[in-house]
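The values are calculated or read from the model by the stated rules, or taken from the named source; none is laboratory data. Just so it is clear, the structure is predicted and the values come from calculations on it, not from any experiment. Positions of Cβ are backbone-derived with ideal geometry, glycine not excepted, and every protein chain shown enters the neighbour counts.
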Amino acid sequence: MVTVDETGKSTFFFRHTTDGPVFLVGDFCQWQQDHLPMRRISPHEWMLMLRLPPGTYEFRYLAGDQWFTDYAAFGVNANRFREFNSVLRIPKVRAAVREPVRARRPQAGRMAASA
């Protein structure tokens with residue numbers, strides 16, 4: 001499973017009985033098989049957070065010598081091995097712009113009360 005938050009940060013979750021290691025592999029890392037190791041967060045669950053530029057990407061999970069497709073992602077595309085790659089879509093996000101703080105000027109003719 002993969003989620004994308006409002007800032008564009010992706011969080012990948014992989015659940016399987018493998019002892020690991022588990023890697024996230026995709027076109028965003030030129031399909032390098034040992035580039036993005038996932039962190040074990042429970043006996044059978046792995047996680048990785050990643051920030052990617054806006055766009056559409058393909059990925060798979062690699063556990064041992066087995067490839068896994070994330071069917072809960074944003075879709076799947078057939079690959080040249082007659083299997084499926086998972087699809088990840090990162091939307092364009094606008095940076096938060098803070099409104100300038102304006103100092104309030106005292107109104108004319110009003111004086112502060114003194115004690």
Pair list, Cβ under 8 Å, 6 or more apart: the range 14-26 residue under 14 Å from P37 (Cβ atoms) and in contact (Cβ under 8 Å) with a residue 24 or more places away in the chain, other residue of a type in the set (D, E) and buried (at least 16 other Cβ atoms within 10 Å of the Cβ): F14/D70; G26/E58
In the range 30-47, what residues are surrounded by fewer than 14 Cβ atoms within 10 Å (Cβ to Cβ) and either under 15 Å from D70 (Cβ atoms) or among the basic types (K, R) (or both)? R39
Going residue by residue through the range 98-115, is there one that turns out to be modelled with pLDDT of 95 or more and part of a loop (DSSP other than H, G, I, E, B)? no
May I ask you to verify whether G75 is of a type in the set (G, A, S), surrounded by fewer than 16 Cβ atoms within 10 Å (Cβ to Cβ) and modelled with pLDDT under 95? no
Please identify the pairs in which a residue from the range 66-79 that is under 17 Å from V22 (Cα atoms) has its Cβ atom under 9 Å from the Cβ atom of a residue that is in a loop (DSSP other than H, G, I, E, B) and β-branched (V, I, T), counting only partners at least 6 apart or on another chain. Q66/T18
Within the range 1-29, the residues that are surrounded by fewer than 14 Cβ atoms within 10 Å (Cβ to Cβ), among the hydroxyl-bearing types (S, T, Y) and under 13 Å from the mean Cα position of the chain (by Cα) are T3, T7, T11
Please go through the range 14-29 and pick out each residue that is under 15 Å from W67 (Cβ atoms) and among the polar types (S, T, N, Q). T18
